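Structure first, then comments.
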Amino acid sequence: MSTSDGLKPEVIEGEKPHRTTSHALKLHEYQETEGYVVDAESGENVKVAKDGHTRLIPQPSDDPNDPLNWSKRKKHTILFIVSFIAFLPDYGSATGAVTLLPQAAQWNMTPDEVNHSQVGNVFMLGAGGVIVVMLSAYFGRLPVVFWFLVFATMTAAWCAAATSFASFMAARILNGFFSTVSQAGGLMFIQDMFFFHERARKINIWASFIVLSPYMGPLLAAFQTTTKPWPTPFWVYFAMTALGLVLTIFFLKETYYDRTLSIPEQPSLTNTVSSVTGLAQWKSRHLRNTPSQACWRVFSVLLKPVIFIICIFYLLTFAWAVGINTTLSMFLGPQYGFGLKQIGFFYFTPIVAALLGEISGHWLHDILAKQYIRTHRGHFEPEVRLRAVFVAMPFMIVGLVLVGQSLQRDWHYMATSVAWGMYVFSAMITTVAVSSYCLDSYPEASGEVSAWLNFARTLGGFVVSYFQVTWATAQGTEQSFGIQGAVCGGAFLLVLVLVVWGKRMRVWAGPLGFATV
């Protein structure tokens, strides 16, 4: 029985079809030695985009249930839901950056001690993501999102209802683990639904929700806690998480689709209840990865040199974003005499900066890609995605240095605001660049690369949050933030290594050869 792409896998009832690496390469139209061939040759029998020459990568099947064939409205509805759910973890996490002040007063603790609950939450945002993609490789995308959101909603309510620091900290840690589901696995949905030439812009949308979220949390929490008790922002977070759960139940769809199977062999996912809860995916689990394969996928990706290197770069550059955000209220109060309302207004800066980064990235990433394709006879290499980091890095380094200078030398708070905005603008551009690079390098590992990038981001923030205030107090903000800028400059050397030798590393390491793509 032939598939839409001409492959003829032998399928035995109850067993997983045999797949080889060549299947993955064919499905993704990608090879390490040749890169992507984006422009279709005249007369070539392939499906192309509306412009008449851009090859659709991967080639969609003839099945209307293939997510690549879904309508734009359906695709973008799912993209919005996934992005909104990805917005929730950092929103809820950073809400604690403001509430720690009244919490410290209530529990007779220092703000830095209360901040430990936030640090635990941040760490679990990364660790939980690794588990998310393992489960998704075995059960499918949709049921993992549903069940994780169920527990995220319950633990969000627990955060708001906690009456002691021990209870609050336990709730925050568990909420971090479960709420990260779409933040860690978002690239899976983008990879499943969109073609190669569309992905950078879709990643830009998804990433903008993630980068915006840690600033929206403190902004709204600051205004709420001026007139309401500190649990109020967490009840709002609970309501938002519950809304994400409702949207998932009624509108989110299973996007995993195996194009090595013919249309009659595709599992039936027409029943909403069984599809959302995972009963339908459980019946077809033999068509995906075994438990051991699902676990090994995650760790085998990190063994690829380019993925490991880019995760180190991302950890060293984004860590300061989390560190600044979780501790800034401790700087602004003593420095400028800001109360909760003034701190809330201050968070408009990174929000505007992230939006400017999203708008700029909407064009920048495509311009860089199209320029390369035009000058290389329709071919594209993943390392081209990293050229956007060249644009972003000056803003990152200068922004961090100026934040430290401004706080140390008592400059006007607007100077601190602009400097912080420069860094956030750069972080937005960088996030899309590294995400696109990893996805283009290993498209069959969309969930795995997403999880490790998320883990790198949160791990860096977890570590920095422990010593950010102490470091600045001991050595001064000028020196501490100056060192942070220098670390980002040093990390940029890793990007240069990948730009020059990244392709050789990918060819040397070879494809992943997963059981499913």
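The values are calculated or read from the model by the stated rules, or taken from the named source; none is laboratory data. Keep in mind it's a predicted model, so treat the numbers as computed, not measured. Glycine also receives a Cβ, built like all others from the backbone with ideal geometry; neighbour counts cover every protein chain displayed.
Among the listed residues Phe177, Phe194, Phe168, Phe148, identify the single one that is surrounded by 19 or more Cβ atoms within 10 Å (Cβ to Cβ), among the aromatic types (Phe, Trp, Tyr) and more than 30 Å from Cys295 (Cα to Cα).
Values: Phe177 fails: more than 30 Å from Cys295 (Cα to Cα); Phe194 fails: more than 30 Å from Cys295 (Cα to Cα); Phe148 fails: more than 30 Å from Cys295 (Cα to Cα).
Going through Phe177, Phe194, Phe168, Phe148 in turn, just one is surrounded by 19 or more Cβ atoms within 10 Å (Cβ to Cβ), among the aromatic types (Phe, Trp, Tyr) and more than 30 Å from Cys295 (Cα to Cα): Phe168.
Of all residues in segment 278-292, which are buried (at least 17 other Cβ atoms within 10 Å of the Cβ), in a helix (DSSP H, G or I) and polar (S, T, N, Q)?
Of everything in segment 278-292, just one residue is buried (at least 17 other Cβ atoms within 10 Å of the Cβ), in a helix (DSSP H, G or I) and polar (S, T, N, Q), namely Gln281.
Please find, among Tyr215, Tyr138, the residue that is of a type in the set (Phe, Trp, Tyr), under 23 Å from Ile78 (Cβ atoms) and part of a helix (DSSP H, G or I).
None of the other options fit; the residue is Tyr138.
Could you tell me whether any residue of segment 410-426 is in a helix (DSSP H, G or I), charged (D, E, K, R) and at pLDDT below 95? Walk me through how you get there before you give the answer.
First pass over segment 410-426, keeping only residues in a helix (DSSP H, G or I): 413-426.
Filter once more, so that each one left must be charged (D, E, K, R): none.
No: segment 410-426 contains no residue that is in a helix (DSSP H, G or I), charged (D, E, K, R) and at pLDDT below 95.
Which of (1) at pLDDT below 95; (2) in a helix (DSSP H, G or I) is the odd one out, the single condition Phe390 does not satisfy?
Answer for Phe390: the failing condition is (1).
So if I check each of Leu364, Leu400, Leu368, which one is more than 30 Å from Leu512 (Cβ to Cβ) and either of a type in the set (Phe, Trp, Tyr) or at pLDDT 90 or above (or both)?
On inspection, the qualifying residue turns out to be Leu400.
Could you count how many residues in segment 338-363 are of a type outside the set (Phe, Trp, Tyr) and over 19 Å from the mean Cα position of the chain (by Cα)?
8
Can you tell me which of Gly421, Gly490, Gly482 is in contact with a Pro (Cβ under 7 Å, 6 or more places away or on another chain), of a type outside the set (Phe, Trp, Tyr) and farther than 30 Å from Ala294 by Cα?
Answer to the selection: Gly421.
Residue-wise test of (1) crowded, with 24+ Cβ neighbours inside 10 Å; (2) at pLDDT 90 or above; (3) not in a helix (DSSP H, G or I).
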site	(1), (2), (3)
Cys438	yes, yes, no
Ser450	yes, yes, no
Val463	no, no, no
Ala472	no, no, no
Ala486	no, yes, no
Phe492	no, yes, no
Val495	yes, yes, no
Gly502	no, yes, no
Trp508	no, yes, no
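Tell me yes or no: at least one residue of segment 303-310 is in contact with an Asp or Glu (Cβ under 6 Å, 6 or more places away or on another chain), modelled with pLDDT of 90 or more and not in a loop (DSSP other than H, G, I, E, B). Reasoning before the result, please.
The initial filter retains those residues of segment 303-310 that are in contact with an Asp or Glu (Cβ under 6 Å, 6 or more places away or on another chain), namely none.
No - not one qualifying residue is present in segment 303-310.
Can you find a residue in segment 99-122 that is in contact (Cβ under 8 Å) with a residue 24 or more places away in the chain, closer than 30 Å to Ala280 by Cα, in contact with a Ser or Thr (Cβ under 7 Å, 6 or more places away or on another chain) and not in a loop (DSSP other than H, G, I, E, B)?
Scanning segment 99-122, I find no residue that is in contact (Cβ under 8 Å) with a residue 24 or more places away in the chain, closer than 30 Å to Ala280 by Cα, in contact with a Ser or Thr (Cβ under 7 Å, 6 or more places away or on another chain) and not in a loop (DSSP other than H, G, I, E, B), so the answer is no.
Phe308 fails exactly one of the following numbered conditions: (1) under 24 Å from Ser446 (Cα atoms); (2) surrounded by fewer than 21 Cβ atoms within 10 Å (Cβ to Cβ); (3) more than 18 Å from the chain's Cα centre (by Cα). What is the number of that condition?
It is condition (3) that Phe308 fails.
If you check Asn69 against the conditions, is it closer than 25 Å to Ala456 by Cβ and either without any contact (Cβ under 8 Å) to a residue 60 or more places away in the chain or crowded, with 23+ Cβ neighbours inside 10 Å (or both)?
no
Given the structure, is Phe514 crowded, with 19+ Cβ neighbours inside 10 Å and either in contact with a strand residue (DSSP E or B) (Cβ under 9 Å, 6 or more places away or on another chain) or over 22 Å from Leu315 (Cβ atoms) (or both)? Spell out how you get there, then give the answer.
On the way: crowded, with 19+ Cβ neighbours inside 10 Å: yes; either in contact with a strand residue (DSSP E or B) (Cβ under 9 Å, 6 or more places away or on another chain) or over 22 Å from Leu315 (Cβ atoms) (or both): yes.
Spelling it out, Phe514 is indeed crowded, with 19+ Cβ neighbours inside 10 Å and either in contact with a strand residue (DSSP E or B) (Cβ under 9 Å, 6 or more places away or on another chain) or over 22 Å from Leu315 (Cβ atoms) (or both).
Quick check on Arg457: is it at pLDDT 90 or above, among the basic types (Lys, Arg), under 21 Å from the mean Cα position of the chain (by Cα) and crowded, with 20+ Cβ neighbours inside 10 Å?
Details: at pLDDT 90 or above: no; among the basic types (Lys, Arg): yes; under 21 Å from the mean Cα position of the chain (by Cα): yes; crowded, with 20+ Cβ neighbours inside 10 Å: yes.
So Arg457 fails the test.
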